[in-house]
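Dropping a structure here in structure tokens format, bear with me for questions.
The values are calculated or read from the model by the stated rules, or taken from the named source; none is laboratory data. Just so we're clear, the structure is a prediction, and the values are computed from it rather than from any experiment. Every residue, glycine among them, receives a Cβ derived from its backbone with ideal geometry; neighbour counts consider all protein chains shown.
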Amino acid sequence: MRILAFILALLVGTAATVEAARIKDLAGFQGVRSNPLVGYGIIVGLQATGDSSASLFANQSLAGLLGKLGIVVDPKALSVTNVAAVMVTADLPPFARMGEPLDVLVSSIGDAANLQGGTLLATPLLGVDGEVYALAQGAVSIGGFSAASGQGDLVQQNHPTVGRIPSGALVENEVPLPIADQQYVRLILREKDFTTAARVAIEINKKLGDKLAQATDSGTIDVEIPESYRGNPVPFLARVEDVQVEPDRTAAVVLNERTGTVVMGAGVLVSAVAISHGNLSVRVSVRTDVSQPQPFSETGSTVTFDNDEIVVQEQGSNLVVVQGVTIGELVRSLNRVGASPRDLIAILQAVKAAGALQAELKII
């Protein structure tokens, strides 16, 4: 209860303080994004934990690879367990240049039991347009282990059929993203809000020049690049990212019933409402007693038996009238009632049902 009171008091003390944030933390430039890459490959060098003969992927792929190397093998005649077929994925960041390393993720698509100790052979990674943008190869790290005994015992840490290869791919093809000689750039807010979009445009115009920015909707701000920067827009875009803006947020209360977590935003308003709070405690205990025969008795025996005990306790209910209109008054009133985090969830749901909570109630 003391921890709850401290957290709520801290929330009340900071509720009225809204700090400005950089535009870099609120929005991104349209088109500046990563691109997903995917490829199909095979991992070799496994210790009898690869795909079985029932999985056709690995054997067919291995036969095809050996054929390219001049070794003709019938796929049906192959029966190896140290090879696994995998899907290889990676993200190509914006402005990635040829030769730049990328982290890749490998995931088994057959019935391999463990990718530990395997090596991914050269695998081309394709974009959605079918072009090759990177080439992956290297030793796989699963970040854990898996060990089994012949009697069926299994010890496992993490997920052994998924692994990573840090810096396991090299960029082979670049995605063109020209920013020079552009007249406009477009900012996309990560959290759509008309008030925040309007404030972003106002602050850009105030700091960098009048009528450079204009909000077109709740998540889009068009920014004109001055002529002096159009040949080299990077310094201007850096100045745009560094502009400080005070974002606006929708009043919301987030509840997590599994963990008892309650998060309340600073803009939560509460109408007048009366709250009655009480707890019912039920305790069931079992006490083992012993029954013995009379001393020097020739008949009877010692017997043990259980006695069940049920204790019901109900705390006195308190009726508290909440008349505050800010999160501060709400927190103080609920704290005075003595609500635990889980009680607070039930109270807030009831307050919302009564129409007194002027905020969005989100249950996760």
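Could you check Leu120 against (1) surrounded by fewer than 19 Cβ atoms within 10 Å (Cβ to Cβ); (2) assigned to a strand (DSSP E or B) and say which number it fails?
Unmet condition: (1).
In the stretch 248-273, what residues are surrounded by fewer than 16 Cβ atoms within 10 Å (Cβ to Cβ) and either modelled with pLDDT under 70 or outside any strand (DSSP E or B) (or both)? I'd like the intermediate steps shown before the answer.
Going residue by residue through the stretch 248-273, those that are surrounded by fewer than 16 Cβ atoms within 10 Å (Cβ to Cβ) are 248-252, 254, 256-261, 263, 269, 271-272.
Within the stretch 248-273, Asp248, Arg249, Thr250, Ala251, Glu257, Arg258, Thr259, Gly260, Ser271, Ala272 qualify.
Look through the stretch 103-117, keep the residues that are surrounded by fewer than 23 Cβ atoms within 10 Å (Cβ to Cβ) and of a type in the set (A, V, I, L, M, F, W, C), and return whichever of them is farthest from Ser53 (Cα to Cα).
It comes out as Leu105.
Which ones in the stretch 53-77 are over 17 Å from Thr123 (Cβ atoms) and not in a helix (DSSP H, G or I)?
Of everything in the stretch 53-77, those that are over 17 Å from Thr123 (Cβ atoms) and not in a helix (DSSP H, G or I) turn out to be Ser53, Ala54, Ser55, Gly70, Ile71, Val72, Val73, Asp74.
So, one more: Out of Ile188, Ile221, report the one residue that is in contact with a Leu (Cβ under 7 Å, 6 or more places away or on another chain) and either loosely packed, with under 14 Cβ neighbours inside 10 Å or in a strand (DSSP E or B) (or both).
After ruling out the rest, the residue left standing is Ile221.
Quick one: in the stretch 17-52, of everything that is among the aliphatic types (A, V, I, L, M) and in a loop (DSSP other than H, G, I, E, B), which residue is surrounded by the fewest Cβ atoms within 10 Å (Cβ to Cβ)?
For the stretch 17-52, the residue satisfying everything is Ala48.
Considering only residues that are part of a loop (DSSP other than H, G, I, E, B) and within 24 Å of the chain's Cα centre (by Cα), look in the stretch 151-185 and name the one that is modelled with the highest pLDDT.
Restricting to residues being part of a loop (DSSP other than H, G, I, E, B) and within 24 Å of the chain's Cα centre (by Cα), the top hit is Thr161.
Scan the stretch 347-362 for residues that are farther than 16 Å from Thr250 by Cβ and surrounded by fewer than 17 Cβ atoms within 10 Å (Cβ to Cβ) and report the count.
Selection size over the stretch 347-362: 5.
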